[in-house]
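Shown next, in structure tokens, is the structure this report addresses.
The values are calculated or read from the model by the stated rules, or taken from the named source; none is laboratory data. Worth saying up front: this structure is predicted, and the values here are computed from it rather than measured. Positions of Cβ are backbone-derived with ideal geometry, glycine not excepted, and every protein chain shown enters the neighbour counts.
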Amino acid sequence: MDTKNYKKELENKKEKLDNLVTSMKDNTLFGDTTKHTSEKYASGELSSYDNHIGDLGTDVFMQNMQNSLTIHEEGMLEQVTEALSKIEEGTYGICEICKKRIGTARLELMPETTLCAQCAKKKDSLPDENENPDRNIINEKGHFYSDYLTNLTDLNKIELKNHDE
């Protein structure tokens, strides 16, 4: 497999993502904190003292959204970096799960991919029809609350019932 074109494309993508992530981090409170660490920077206001609580909520929402977008782009950058290292190792274009060659069309579309189309479908598939999507994995007994909390609630109901009589 000739990886020169993929390598060039991945290097260009890596450079763009590096610049994007750097600029995104600089525009958040959690970026370069030597420049900005307060609500004043995030809201653009001289003081946060006179802001309405709704404005502060919007600011927090926007910061969270910005952080989520930054994390997503960092993940893309990590995938591109991993693909470049696979080119150097000579394992580029081989599926991580089944160890078969990844199709050329898929690599041209997503050069950073590490899975063939079949394995990617299996990995990203929806839950099995027989699996209960509402199953509580924390408490396998079938109800959400622990027995202790259920018993306390029942005791309160009994006390209220006795009080009303």
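Evaluate region 105-112: report whether one residue or more is closer than 16 Å to V21 by Cβ and surrounded by 16 or more Cβ atoms within 10 Å (Cβ to Cβ). Yes, region 105-112 has at least one match. Taking residues in region 62-84 that are surrounded by 12 or more Cβ atoms within 10 Å (Cβ to Cβ) and part of a helix (DSSP H, G or I), and partners anywhere that are among the hydroxyl-bearing types (S, T, Y) and modelled with pLDDT under 90, the pairs with Cβ atoms closer than 8 Å and at least 6 places apart or on different chains are Q63/T28; Q66/T28; N67/T28; T70/T28. Residues in region 1-57 that are of a type in the set (F, W, Y) and at pLDDT 90 or above: Y6 only.
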